[in-house]
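Each remark here refers to the structure printed beneath this line.
The values are calculated or read from the model by the stated rules, or taken from the named source; none is laboratory data. Model, not experiment: these values are computed from the prediction. Neighbour counts run over all protein chains shown; Cβ positions are idealised from the backbone, glycine included. Note: accessible area is taken over every heavy atom of the protein model, side chains too, but ligands, DNA and RNA are not part of it. Shrake-Rupley method; radii C 1.70, N 1.55, O 1.52, S 1.80 Å.
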Amino acid sequence: MMRHAIDKGVNYLDTAYTYHEGKSEVVIGRALEDGYRKRVRVATKLPVWLVHGPEDFDRILSEQLDRLRDDHVDFYLFHGLNRKFWREVVLKHDLLEKARAALADGRIRQLGFSFHDDYAAFKEILDGSDLWSFCQIQYNYINVEDQAGQRGLKLAADRGLAVVVMEPLLGGRLADPPVEIMETMMEFPLRRTPVEWAFGWLWDQPDVSVVLSGMSNLTQVEENLRLAARAKVHCFGTKEQILLAEVRAGYKARTVIPCTGCGYCMPCPNGLDVPANFDVYNYARAFDDVATAQLRYDFFLKPEERAGACQRCGACLDVCPQQISVFDWMEKVRVLLDSCVREKENQQ
Ligand code: SF4
Ligand code: SF4
């Protein structure tokens, strides 16, 4: 899949130390043998939550280069920066100086960061170093004002940084909209698939440098290649923007918990499957179908993974990029979906 994508023009691959339990970098290293490495830029990330001292920077980077079978990384990011990681890891352990040295000796070619926090934290990080040449933000037509948002995109671009966009389909959700959202899209005279609407909205914007897309099979690769071949800055006009504003409002009204399923809160020390609980709850609310959601909840989640097992320990709070008050929502999930609660209600 990777080689086919590169043959057809894909020139940027994004990975990280922790993806696929450490195997993603290894697979990319192998896929890029036989001359493919020269044809792409490789981005990977330092897991700042695993850094306990300045020496961890060189140790982890060296391990990453081994996995990638390479002597340099084109785009190196501090992974998932928020205010806390910025202050308590990057600044505390002087990691910018380690990065400066890695830039100087060529182990990394460009330095950036991926980001999950609010706009003020984004600006603080941007202001905090002159080493940044790019950043990576969560951005899609639903999350216009969330996290760094459109303001953050503009701020970074005005300073000359390249901006890489992640979550263009909001964890795949924008690829498979509910019927009424689909109907709204179908009203538009020029037919586009939901994926085409989501990517088109990003490609339209001159400040967006790269749009990342996770692809799980060759069909998705082919579809993305087909859409990207037609991508153009300023491809959307006022009518498209009006339609997407309508779609945005429709989604906003339906999605209750803004969980993207990123899994940063996992594993939960008490065994809960946090994103699965939220996914089922959002399903119940978005589709007004509590009965089916309860069936899914009972079928897909083991008792120890369900909301009722939450101990309110708070371990998930700091790591959630969406700053979701996880345990408060768990209580609502429990009340709506947990069979123990349902049985008690039935007995009353
Ligand atoms: S607050 Fe609940 S969901 Fe979060 S880590 Fe603790 S037990 Fe798990
Ligand atoms: S609760 Fe937060 S950290 Fe956990 S999967 Fe959802 S968005 Fe990610």
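For the criterion of being in contact with a helix residue (DSSP H, G or I) (Cβ under 9 Å, 6 or more places away or on another chain), open to solvent by 60 Å² or more (accessible area, probe 1.4 Å), within 16 Å of ligand 1 (Cβ to nearest atom) and among the polar types (S, T, N, Q), ASN277 fails.
Select, from ARG109, ARG151, ARG100, ARG87, the only residue that is in contact with a helix residue (DSSP H, G or I) (Cβ under 8 Å, 6 or more places away or on another chain) and over 27 Å from ILE257 (Cβ atoms).
Step by step, each of ARG109, ARG151, ARG100, ARG87 is checked, and only ARG109 is in contact with a helix residue (DSSP H, G or I) (Cβ under 8 Å, 6 or more places away or on another chain) and over 27 Å from ILE257 (Cβ atoms).
Give me a count of the residues in region 1-27 that are among the hydrophobic types (A, V, I, L, M, F, W, C), within 29 Å of LEU96 (Cβ to Cβ) and open to solvent by 10 Å² or more (accessible area, probe 1.4 Å).
Here is the first cut: in region 1-27, the residues among the hydrophobic types (A, V, I, L, M, F, W, C) are 1-2, 5-6, 10, 13, 16, 26-27.
Now restrict to residues that are within 29 Å of LEU96 (Cβ to Cβ): 13, 16, 26.
Within this subset, residues satisfying the condition of being open to solvent by 10 Å² or more (accessible area, probe 1.4 Å) are 13, 26.
Matching residues across region 1-27 total 2.
You will find that of MET266, MET185, MET215, the residue that is more than 16 Å from ligand 2 (Cβ to nearest atom) and closer than 30 Å to PHE85 by Cα is MET215 and no other.
Looking for whichever is assigned by TED's automatic domain parsing to the domain that holds PHE78 and more than 30 Å from ASP318 (Cα to Cα) here; the options are VAL51, VAL27. Which one fits? Give the steps one after another, and end with the answer.
Working: VAL51 fails: more than 30 Å from ASP318 (Cα to Cα).
Just a single option satisfies the conditions, and that option is VAL27.
Among helices (runs of 4 or more DSSP H) entirely within region 188-269, having at least 1 residues that are modelled with pLDDT under 90 and open to solvent by less than 30 Å² (accessible area, probe 1.4 Å) singles out 238-254. None of THR255, THR260 is within 13 Å of ligand 2 (Cβ to nearest atom) and within 20 Å of GLU180 (Cβ to Cβ) except THR255.
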